[in-house]
Amino acid sequence: MSYDPPRPAGRLLLTPEDKEAPDRARRLRMLDLGERPEPALDAFAERLAEHTGAPYAMVNFIGENRQFFAGLRIPVARPPADGDEAKPQVGRYMARDHGFCPHVVARRKALVLEDVRDYPRFAGNPVVDEFGIRSYLGAPLIDSTGMVLGTVCAADVQPRTWGKSGLETIKSSAAELVARLQRREADGLPVL
């Protein structure tokens with residue numbers, strides 16, 4: 001008989017199983033991705049933030065144990081108001097069990113969360129409490145080998161009605177970036 005220890009309230013599923021993680025990590029190393037910030041991907045994330053109207057946008061490569069935002073757009077940090085506690089800032093690295101991108105990778109399809117607190121499965125995710133994220137829009141980056149390398153995503157601290165246009169924007173952004181990565185690889189050039 002097995003014993004399942006009780007889970008903290010609000011934490012139904014931290015991270016989905018990812019059997020492709022070792023292969024993905026090898027593929028990312030081969031493409032020289034996921035280890036350093038890429039100015040071209042920062043610019044890509046900036047455009048994604050503009051298109052979606054979201055304060056956060058990322059190009060995220062997911063390794064075996066962590067996520068790396070090779071492209072990152074975050075809002076300018078403001079000092080907390082009197083009596084408010086400062087929220088931590090999103091950096092380039094995040095634990096694999098934080099956020100929603102690992103779910104996109106496991107699903108191999110886009111994920112739209114208009115208000116993460118409406119979904120018990122996601123409401124207890126650490127980014128909700130630590131960073132105040134309330135809505136998420138993400139799509140997988142699936143390369144020519146069929147490997148999901150990571151995601152492109154946008155997030156907000158307010159609930160958002162992303163709608164069909166948001167879904168189409170994130171999916172077309174992912175397709176655009178994958179095509180760009182594939183062209184560079186086919187030409188034998190550094191990926192970015």
* the stretch 160-168 - phi-based ³J(HN,Hα) in whole Hz, Karplus 6.51/-1.76/1.60, Gly and Pro as x -> 9, 8, 5, x, 5, 5, x, 4, 5
* Asked: Gain in length, A186 to T145, computed as 0.36 nm per residue apart minus the alpha-carbon separation, to one decimal in nm?
  -> 13.5 nm
* Structure fact -> Taking a ≥ b ≥ c as the square roots of the Cα gyration tensor eigenvalues, with a/c under 1.5 meaning rounded and otherwise prolate when a/b beats b/c or oblate if not, the stretch 137-192 comes out prolate
* Compute the distance in nm between two label points, each set 7 Å from the Cα along the Cα-to-Cβ direction, one at A179 and one at R107. => 2.4
* Pulled fully out, how much extra length does the chain show between R117 and V76, if you take 0.36 nm times their separation in residues and subtract their Cα-Cα distance? -> 12.3 nm
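Laboratory data are not the source of any read-out in this text; all were calculated from the coordinates shown. Please read all numbers here as calculations on a predicted model, not as lab measurements. All Cβ positions, even for glycine, are placed from backbone atoms using ideal geometry, and neighbour counts span all protein chains on display.
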